Amino acid sequence: MATGFYTHNDCLLHEMGQWHPECPARLQAIEDQLIASRIDSLIERESPPLAEDEALLRVHTQAHVDYIRGLSPEEGYAAIDPDTSMNPHTLQAALRAAGAAVAATDAVIEGRYDNAFCSVRPPGHHAEPARAMGFCLFNNVAIAARHALEVHGLSRVAIIDFDVHHGNGTEAAFAGDARVLMCSFFQHPFYPFTGADNQAANMVNVPLSARTTGMVMREAVDLMWLPRLHAFKPEMLFVSAGFDAHREDDLGNMGLVEADYTWLTQQIRTIADRYAKGRIVSTLEGGYNLSALGRSVVAHLRALADI
């Protein structure tokens, strides 16, 4: 099984201060673990293009795109919220991250890869159509999913989000859209304090308490995600792959380990193989303990590539 791996050095240039957990070292930790695990040679590397405004505007408002472009500083930092800021390289990194998700979607639909993983930053799933927040500027996975629907003409896509934080931006983009089924679990109550109430019919949100273990998560996926996914029969699956629900990650309080990410990815692949010709595009969201992040991404990639 051919798995594409999309990344770019531009994504290393975005940083929000030495104190910030969403840092360039995250991508470097993934690269280190790819080498240590000896799977680097078994994936196909791709250098993604910058996203065009046309792709961004399928999810975001023109005012939002203009705001992000206008905020980009020539030096220093420009604050979006207390946790999110831009440096002179952030805009380029954000366009590269969204461009990776779109390019991976094209490659998988065209049959160049069975599936793909985008090792990019900044992340995206908190970015709403008209607001950047939570380390996120543009919603990479939503942009890719909308690209599959509106450019490639797919009828049904599923979005899987297993970050420790609810993907409020992705839900805001697709709530009520019958072409999209979004399945997520997340720690609750926890930032951004959304997702547990007033769910649209196409949202399968599973709030989980702090210290939830892999066994509890797997039962929830079995009982709540998988029946809906089988009934929906998606033509392609997109993954917001956040690894901050790992028990070693201090930004969350859940108890998952690498074996849980392997199991989750295998369930996603089973659905994709049955209904979607195996088509999956996964893009990095959270994961802030560097060692746990690298190991978890390797587990995810091994399951995607079936190695």
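The values are calculated or read from the model by the stated rules, or taken from the named source; none is laboratory data. Please read all numbers here as calculations on a predicted model, not as lab measurements. Because the Cβ atoms are built from the backbone with ideal geometry, glycine has one as well, and the counts that use them run over all protein chains shown.
If you take the residues in the stretch 219-240 that are among the charged types (D, E, K, R) and over 19 Å from Gly167 (Cα atoms), which one is surrounded by the most Cβ atoms within 10 Å (Cβ to Cβ)? Spell out the reasoning first.
The first filter runs over the stretch 219-240 and keeps only residues among the charged types (D, E, K, R), leaving 219, 222, 228, 233, 235.
Now narrow it down to the ones that are over 19 Å from Gly167 (Cα atoms): 219, 222, 233, 235.
On the way: Glu219: 10, Asp222: 11, Lys233: 14, Glu235: 21.
Selected residue: Glu235.
For the stretch 34-55, name all the residues that are touching a Leu at 6+ places or on another chain (Cβ under 8 Å) and touching a residue at least 40 places away in the same chain (Cβ under 8 Å). Quick ask: steps written out before the conclusion?
Going residue by residue through the stretch 34-55, those that are touching a Leu at 6+ places or on another chain (Cβ under 8 Å) are 34, 39-40, 43, 50-51.
Result: Leu34, Ile39, Ile43, Leu50, Ala51.
Does the stretch 56-82 hold any residues that are without any contact (Cβ under 8 Å) to a residue 60 or more places away in the chain, closer than 17 Å to Asn139 by Cβ and outside any helix (DSSP H, G or I), and which are they?
Scanning the stretch 56-82 gives Leu57, Ile80, Asp81.
Pull up the stretch 26-49, narrow it to residues that are of a type in the set (A, V, I, L, M, F, W, C) and crowded, with 17+ Cβ neighbours inside 10 Å, then point me to the one that is farthest from the chain's Cα centre (by Cα). Explain how you work it out, then say what you get.
Start the filter on the stretch 26-49 by keeping residues that are of a type in the set (A, V, I, L, M, F, W, C), which leaves 27, 29-30, 34-36, 39, 42-43.
Adding the requirement that they be crowded, with 17+ Cβ neighbours inside 10 Å leaves 27, 29-30, 34, 39, 43.
Details: Leu27: 14, Ala29: 17, Ile30: 15, Leu34: 19, Ile39: 21, Ile43: 19 Å.
Per the stated criteria, the residue is Ile39.
Looking at Asp222, Asp244, Asp249, which is the one that is free of Cβ contacts under 8 Å to residues at least 60 places away in the same chain and among the charged types (D, E, K, R)?
Working: Asp244 fails: free of Cβ contacts under 8 Å to residues at least 60 places away in the same chain; Asp249 fails: free of Cβ contacts under 8 Å to residues at least 60 places away in the same chain.
Result of the check over Asp222, Asp244, Asp249: Asp222.
Taking the stretch 83-130 only, how many residues are assigned to a loop (DSSP other than H, G, I, E, B) and either free of Cβ contacts under 8 Å to residues at least 12 places away in the same chain or of a type in the set (Val, Ile, Thr) (or both)? Spell out the reasoning first.
First, the residues of the stretch 83-130 that are assigned to a loop (DSSP other than H, G, I, E, B): 83, 87-89, 110-114, 119-127, 129-130.
Filter once more, so that each one left must be either free of Cβ contacts under 8 Å to residues at least 12 places away in the same chain or of a type in the set (Val, Ile, Thr) (or both): 110-111, 120.
So the count comes out to 3.
Could you say which residue among Leu251, Leu290, Leu304 is modelled with pLDDT of 95 or more and closer than 26 Å to Pro207 by Cβ? Lay out the reasoning, then the answer.
On the way: Leu290 fails: closer than 26 Å to Pro207 by Cβ; Leu304 fails: closer than 26 Å to Pro207 by Cβ.
The conditions single out Leu251.
Pull up the stretch 236-248, narrow it to residues that are farther than 19 Å from Ala201 by Cα and outside any loop (DSSP other than H, G, I, E, B), then point me to the one that is nearest to the chain's Cα centre (by Cα). Can you show your working first?
So the first thing to find is which residues in the stretch 236-248 are farther than 19 Å from Ala201 by Cα, and the list is 236, 239-248.
Subset that is outside any loop (DSSP other than H, G, I, E, B): 236, 239-241, 246.
Values: Met236: 15, Val239: 5, Ser240: 3, Ala241: 4, His246: 16 Å.
Among residues in the stretch 236-248 that are farther than 19 Å from Ala201 by Cα and outside any loop (DSSP other than H, G, I, E, B), the one nearest to the chain's Cα centre (by Cα) is Ser240.
Go through the stretch 83-94 and give me each residue that's farther than 17 Å from Asn139 by Cβ and surrounded by fewer than 20 Cβ atoms within 10 Å (Cβ to Cβ).
Pass one, the stretch 83-94, residues farther than 17 Å from Asn139 by Cβ: 85, 87-89, 92.
Correct list: Asn87, Pro88, His89, Gln92.
So, Thr84, is that one hydroxyl-bearing (Ser, Thr, Tyr), within 18 Å of the chain's Cα centre (by Cα) and within 26 Å of Ile268 (Cα to Cα) or not?
No: the conditions fail for Thr84.
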